Amino acid sequence: MAIPVGILVLAALVAWAGLGATASWRAVVGAAADVWFLGHGVDVVVPADQPFALTVTFLGPALVTVLTGVRAGRRAGATAVPALALAAGVAVVVLVSVLLLLLARADGAGPAPVQAVLLPAAVYGVALLVGLLPGRRPALRGPLVAGLRGGTGAALVVLAGGAVGVVAALAVHLTAVVGLYESVHAGIAGGLALTVLQIALMPTVVVWAAAWLTGAGFLLGTGSSVGPVGTTVGPQPSLPVLGALPQHVGAFGLAGVLVPVLAGFGVGIALRIRGDGGRSGLQVLATGILTGVVAGLLLAGLAAAASGAIGPGRLAEVGPDALQVGWRAAAEVGLAALLGGAVTRPRAGRSTADRERERAGAPR
């Protein structure tokens, strides 16, 4: 987890030096710490004539924390006392959070103290447990486990579709993105800091794109809407990535909504062929429903994290509506998974759960 902290601090120091070191280095490093805390769901208060809170999660730092936590959890599972290794990892995150909090709140503003101590540790702790589970999980079977696997897989496919959409939008609107970079007049150092900030925000933008694919769309300020049927926005922050917003998508918008449907259909077929979702009609029905519910919950949770405020006034409402994303994803993925399972015949032989049970030495 030191990687995102180091990158953010380094970018902040380079920008500080490039701007002539006119500000306190502690304030600059504190700003980098603010971004790191935003990446873990911590609310950050921005000092101004009328202070306002930033509540949108910059999911880039959180993604790195999760990946490193999962890897550390796997290593902890190989030790004689995994609980001690897990506790030590969480304690280190708490210590880092406290040190960064002291820097970030040097001017009396900054991250909410309780959230700053607890949320990064919670993210890392959950990732540690996820990394620990594969070597210790029992060999299970049935619609419940199939639904968990299928829903997770479908949610990942929708997120991947969102990522592809973001890359395509950046390529199509490259001129507008470059124009926004030039309009900021940040120089080389400032441009570097701006780029690092947008990299930290990019996973959040991917979640916005995934919400767009479900048909729910997202907001970029009060009274705005960005969705498959069209885009209506007002004045925006000078973030170059926002130059890639889709304007007139036409039939492509409707085609994009097919991504969660195709994800659910493919997952339903795969589970049915592997025999993981059961062989009776009732089991196929349960698997399809659970697949949709799991996908909806995962995408709704990410949508909730990717929503909030990125500024005062109308910018207090940014991101997708988690409830809209959740029920749409659940319906699209679930119905498609049910259809995929219903039209596919299971392959003869053992299911994946049976093979896992044999490897674990458990009775069938």
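For the stretch 205-223, check the following and say yes or no: at least one residue is surrounded by fewer than 18 Cβ atoms within 10 Å (Cβ to Cβ) and assigned by TED's automatic domain parsing to the domain that holds Ile310.
Checking the stretch 205-223: at least one residue is surrounded by fewer than 18 Cβ atoms within 10 Å (Cβ to Cβ) and assigned by TED's automatic domain parsing to the domain that holds Ile310.
Mind checking whether some residue in the stretch 276-288 is modelled with pLDDT under 90, of a type outside the set (A, V, I, L, M), surrounded by fewer than 18 Cβ atoms within 10 Å (Cβ to Cβ) and under 25 Å from Val46 (Cα atoms)?
No.
Take the stretch 268-322 and flag every residue that is of a type in the set (Val, Ile, Thr) and over 22 Å from Thr214 (Cβ atoms).
Those that are of a type in the set (Val, Ile, Thr) and over 22 Å from Thr214 (Cβ atoms): Ile273, Val284.
Has the stretch 302-321 got any residue that is surrounded by fewer than 19 Cβ atoms within 10 Å (Cβ to Cβ), closer than 15 Å to Val158 by Cα and modelled with pLDDT of 95 or more?
no
Select from the stretch 44-65 the residues that are part of a helix (DSSP H, G or I) and touching a Phe, Trp or Tyr at 6+ places or on another chain (Cβ under 8 Å) and write down the one among them that is nearest to Ala122 (Cα to Cα).
Among them, the one singled out is Thr65.
Across the stretch 322-335, what is the number of residues that are of a type in the set (A, V, I, L, M), surrounded by 23 or more Cβ atoms within 10 Å (Cβ to Cβ) and under 18 Å from the mean Cα position of the chain (by Cα)? Working first, answer last.
Quick first cut of the stretch 322-335, residues of a type in the set (A, V, I, L, M) only: 322-323, 325, 329-331, 333, 335.
Next, from what is left, pick out any that are surrounded by 23 or more Cβ atoms within 10 Å (Cβ to Cβ): 325, 329-330, 333.
Narrowing further to those that are under 18 Å from the mean Cα position of the chain (by Cα): 325, 329-330.
Count: 3.
Does the stretch 107-117 include one or more residues that are touching a residue at least 40 places away in the same chain (Cβ under 8 Å) and either polar (S, T, N, Q) or in a helix (DSSP H, G or I) (or both)? So that I can check it myself, show each step before the final result.
Filtering the stretch 107-117 down to residues touching a residue at least 40 places away in the same chain (Cβ under 8 Å) leaves 107-112, 115-116.
Going one step further and asking which of them are either polar (S, T, N, Q) or in a helix (DSSP H, G or I) (or both), we end up with 115-116.
So far as the stretch 107-117 goes, yes, one or more of its residues are touching a residue at least 40 places away in the same chain (Cβ under 8 Å) and either polar (S, T, N, Q) or in a helix (DSSP H, G or I) (or both).
May I ask you to say which residue of Ala216, Ala209 is within 19 Å of the chain's Cα centre (by Cα) and within 23 Å of Val178 (Cβ to Cβ)? Give the derivation first.
On the way: Ala216 fails: within 23 Å of Val178 (Cβ to Cβ).
None of the other options fit; the residue is Ala209.
Somewhere in the stretch 11-32, is a residue touching a strand residue (DSSP E or B) at 6+ places or on another chain (Cβ under 8 Å) and modelled with pLDDT under 85?
yes
Looking only at the stretch 79-88, count every residue that is outside any helix (DSSP H, G or I) and in contact with a helix residue (DSSP H, G or I) (Cβ under 8 Å, 6 or more places away or on another chain) and tell me the total.
Residues that pass the stated criteria total 1.
Can you spot a residue in the stretch 213-221 that is farther than 25 Å from Trp327 by Cα, modelled with pLDDT of 80 or more and either in a helix (DSSP H, G or I) or aliphatic (A, V, I, L, M) (or both)?
no
Name the one entry in Ala91, Ala76 that is part of a helix (DSSP H, G or I), assigned by TED's automatic domain parsing to the domain that holds Thr55, at pLDDT below 90 and farther than 24 Å from Thr55 by Cβ.
It is Ala76.
Give the stretch 175-194 a look and list any residue that's free of Cβ contacts under 8 Å to residues at least 24 places away in the same chain and assigned to a helix (DSSP H, G or I), or say none.
Those that are free of Cβ contacts under 8 Å to residues at least 24 places away in the same chain and assigned to a helix (DSSP H, G or I): Thr175, Glu182, Gly191.
The values are calculated or read from the model by the stated rules, or taken from the named source; none is laboratory data. Since the structure is predicted, the reported quantities are computational estimates derived from the model, not experimental observations. Reconstructed Cβ throughout: ideal geometry from the backbone, glycine too, with neighbour counts over all protein chains shown.
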